[in-house]
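Read through the structure below, which is laid out as structure tokens, and then see the notes.
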Amino acid sequence: MPVKQTFRLATIALATLVAVTPCSAQTATTGSSPSAATSVRAFQDLWIPPLITGKTFDLALGKSSKSLWPGATTHTYGYNDARFWGPTLVFEQGETVRINVKNNLDEPTTVHWHGLHLPAATDGGPHQLIAAGATWSPSFTVRNNAGTYWYHPHPHESTQKQIAMGAGGLIIIRDPIEAKLALPRAYGVDDIPLVLTSRRFNLADQFTFAGDNDKYGDFSLVNGTLDPKVSLPAQFVRLRILNAEIERGYQLGFSDNRKFYLIATDGGLVDKPVPLSRIKLMVGERIEILVDLSGDKPGATVDLMAYNARQPFGFPGGEPGRSPPNGSYLNNLDFRLLRVNVAAPTAAPITKLPPELTRNKFWSEADATERRTLNILRFGPPNREFAFDRKYYDMHTVNHVVKLGAVEAWTIVNDRTFGHSFHIHDVQFKIVARSDGPVPDYEQGWKDSLYIPRGQSATFVTRFDDFASDTDAFMYHCHMANHEDGGLMGQFLVVNDPATLKPDASGVIRLADRARHAITPAMTATADRQVGTAAPPVEATDLAGKPLRLAALAQKRPVVLFFIEKDCPCSRDAAKYFGRLSVQYGQNCSVVGVINADTETARNWVKETGAGFPLIADPKLELINAYRVTSSASSILVAPGGAIEKVFPGYSATILGELSANVARLSGTTPPALSFDAAPKDPTSGCAFSQ
Ligand code: C2O
Ligand code: CU
């Protein structure tokens, strides 16, 4: 083990065992024994993410690095060159904003605006993929209340990795109601964003993000800062706190047990400040609290603490033990999150607590015209452990259909395995019931995420307003990124008339293709004219530099040429089926992709789609033109000997079946049982080729 690592773990272990903190006169004593995992390392200045304001916002997600340990560099992701995390976006309610999101990673990403009420096509869920190198520019009107929201990647099955690497950022919405209140709002001075998370490091000082194994970090990070300290003025200070963890929950409080006042939940202000000395904050949830430092002398210190020791089983991060997958160096401990050094008050301090904040109008259970129950069930292996009602998330399956404008009551029932943090897109809701007792005061506000303890259930009421779409779905899921990636997610459509959505033969409503380009008679005619002609000789190399000679390939077995437009979602979808053909027929057929891209773009496409067949980069469209193919997701079947047997100008489940039958016939094999589930029912031509 490298010296650094040994030192690092020894440091934590020592602090854990003896609870001695040379940096601090403070030791936490209310926790378990051993008590606080406070460290002996020097405090670092808390990083405050920069603000961006206006109507047009540019975000670029890229690779970065941060020196978290002396002499070490940890690879990270950040937006706009942040070394971890990203800038804070400030939106004004009622404004129409545009955000240009550039993906500078070499993998696809998405950006979801967590908590925001906007059309599903701009929501940034798994369907709004931004390819490596591409820019996505959604525009929407800001409709939410003033509050603290956030943005983060949401790509199917890679959310944990990208969040773990540091991708994310806060959104502050301002509105006239909040603006009239005498509240602290000098960002970075008396209005402080705190993004809570933790990371585990491997021996090479890099973050680990292997699913269930790395759900808990060993070291706490606030705004990406290890061992942070901040100077705050001796007056009322506002903390905007986000739990941006992979799975860990927090029970927050101050080291002297002082009271603080909750002023906002996920979706904005509560009616009046709620006095508290502890509050639970689970993954995805935000709170805004006011802390009164006016009685503290400049020079005094107090710590924001995680009082996570001795939680009931099922509290995420409460499990005892130090080793993965279920343990970590922070588990079942009370530990310091942030050292606060009290400084002199500012020129215009807030010294009073507003008695009232706003007047929220919530719906009650009696307003609901529809009820739904979602069951969180454990039945799979690690990393695929949980699903709603035994159905893993599937990109093409619609799990629920909601009528636009309906008020609904959703009950989330959790089995006895573990706690989960449920989140729904599109709406803010009101929690109306919990099975384990009354809804606590600190949850009497607008919420988009809620904790469901092990063996318990909770019911919320919400209204699905404004945005109907037959083609773009909203997500609901457990916000623990390892659970979400593992399939504990579903999607719903909000539509004008649910009766217009027809289930397929298996009773499932499929998500309609957004870009459905019909196959034109001209395309079919061009395709037909080619049948029986000799295939143009292809002399090319695949991406690995291996020569691909069509004439030679087609000597003994059929060849399927699959034509791909690099940005076409249909050819992305189709890649999976051509991959299956290639695997199933093995030596009996060659599948070769032809893509209108340079080698590097083609390599990225392979990475993103997981396509398992050789690919020819054809940036100048030479092959594509030679074969007179006009749009992507089409295929040409070359018979042994080199004559074109059949041309399919698009794809659908039926076409794929027909292609497979032809391959079987030409190769003298029996067609394998291939499922083309989720392939479109009607033929889809793909997109026109562009350079
Ligand atoms: Cu914060 Cu679906 O996510
Ligand atoms: Cu979960």
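Shape class for the range 408-561: prolate, because the ratio a/c of the largest to smallest gyration tensor axis (alpha-carbon atoms, square roots of eigenvalues) is 1.5 or more and a/b beats b/c. A Förster distance of 51 Å, applied to the separation of the beta-carbon atoms of Val583 and Asp367, puts the FRET efficiency at 0.45. Within a straight-line Cα-Cα reach of under 16 Å, Lys502 can be paired with the following aspartates and glutamates, leaving aside sequence neighbours fewer than 8 residues apart in one chain: Asp470, Asp472, Asp513, Asp682.
Placing +1 on the Cβ of every Lys and Arg and -1 on the Cβ of every Asp and Glu, with no other charges, gives the chain a dipole of roughly 920 debye about its Cα centre. In a DSSP loop and with at most 14 other Cβ atoms within 10 Å, the chymotrypsin sites (Phe, Trp or Tyr not before Pro) in the range 263-368 are Phe313. For Ile616, the residues whose modelled amide H falls within less than 5 Å of its own, excluding neighbours fewer than 5 places apart on the same chain, are Gly593, Val594, Ile595. Shown for the chain: the carbon plus sulfur share of the solvent-accessible area, taken with all protein chains present and a 1.4 angstrom probe, equals 53%. Per residue, the chain reaches -4000 deg cm²/dmol at 222 nm when only DSSP H runs of four or more residues are counted, each adding -39500 (n - 2.57). Within the shell defined by Cβ-Cβ distances under 15 Å, the residues around Ala458 carry a net charge of -1, with Lys and Arg each +1 and Asp and Glu each -1.
Computed over neighbours whose Cβ is under 12 Å from that of Ser660, the net charge equals +2, Lys and Arg +1, Asp and Glu -1. Protection proxy ranking of 119-126, 638-645, 56-63, by the mean of other Cβ atoms within 10 Å over each peptide's residues and highest first, is 119-126, 638-645, 56-63. Distant-in-sequence amide contacts of Val494, defined by a placed amide H-H separation under 5 Å and a gap of 5 or more residues or a different chain, comprise Val402, Ser469, Phe474.
In a DSSP loop and with at most 13 other Cβ atoms within 10 Å, the trypsin sites (Lys or Arg not before Pro) in the range 634-691 are Lys681.
Count Lys and Arg as plus one, Asp and Glu as minus one, and take only other residues whose Cβ is under 13 Å from that of Gln530; the net charge is then +1. Ranking Leu337, Phe386, Leu374 by Cα position along the charge dipole of the range 312-389, where only Lys, Arg, Asp and Glu carry charges on their C-beta atoms, puts Leu337 farthest toward the positive end. Taking 25 Å as the straight-line reach from the Cα of Lys566, the lysines in range (excluding those fewer than 8 positions away in the same chain) are Lys63, Lys102, Lys161, Lys546, Lys576, Lys607, Lys620, Lys646, Lys681. For the chain, rounded, prolate or oblate, judged on the Cα gyration tensor with a ≥ b ≥ c (square roots of eigenvalues), a/c < 1.5 rounded, else prolate if a/b > b/c? It is prolate, given that a/c is not under 1.5 and a/b is the larger ratio. Taken about its Cα centre, the range 200-258 carries a charge dipole of about 380 debye when Lys and Arg each add +1 at the Cβ and Asp and Glu each add -1 at the Cβ. Straight-distance candidates among the lysines for linking to Lys447, with alpha-carbon spacing under 22 Å and chain neighbours fewer than 8 residues away dropped: Lys272, Lys280, Lys361, Lys403, Lys430.
Checking every one of the GluC sites (Glu not before Pro) in the range 346-391 against DSSP loop status and a limit of 11 other Cβ atoms within 10 Å picks out Glu356. Given +1 at the Cβ of Lys and Arg, -1 at the Cβ of Asp and Glu and no other charges, the dipole of the range 164-235 around its Cα centre is 140 debye to the nearest 20. Taking the centroid of alpha carbons for each part, the range 181-213 and the range 283-355 are 12 Å apart. Got a sec? Charge dipole of the chain, +1 on Cβ for Lys and Arg, -1 for Asp and Glu; which of Trp85, Pro683, Leu183 is way out at the positive end? Result: Trp85. Here's the picture: charge each Lys and Arg Cβ at +1 and each Asp and Glu Cβ at -1 in the chain, and of Ile172, Pro108, Gly586 the one pushed furthest to the positive end of that dipole is Gly586. Applying the Karplus relation 6.51 cos²θ - 1.76 cosθ + 1.60 with θ = phi - 60° to the range 321-337 yields 3J(HN,Hα) values of x, 10, 9, x, x, 9, x, 6, 5, 10, 5, 6, 9, 8, 9, 6, 9 Hz, where x marks Gly and Pro. Residues whose amide H falls under 5 Å from that of Ser231, counting only those 5 or more places apart or on a different chain, are Asn341, with hydrogens built in the peptide plane.
Rounded, prolate or oblate: which fits the range 627-680, taking a ≥ b ≥ c as square roots of the Cα gyration tensor eigenvalues, rounded meaning a/c under 1.5, else prolate when a/b beats b/c? Note, shape of the range 627-680 comes out oblate.
The values are calculated or read from the model by the stated rules, or taken from the named source; none is laboratory data. Nothing here was measured: the structure is a model prediction, and the numbers come from that model. Cβ atoms come from the backbone with ideal geometry, glycine included; neighbour counts cover every protein chain shown. These area figures cover heavy atoms from the full protein model, side chains too; ligands, DNA and RNA do not enter into them. Shrake-Rupley method; radii C 1.70, N 1.55, O 1.52, S 1.80 Å.
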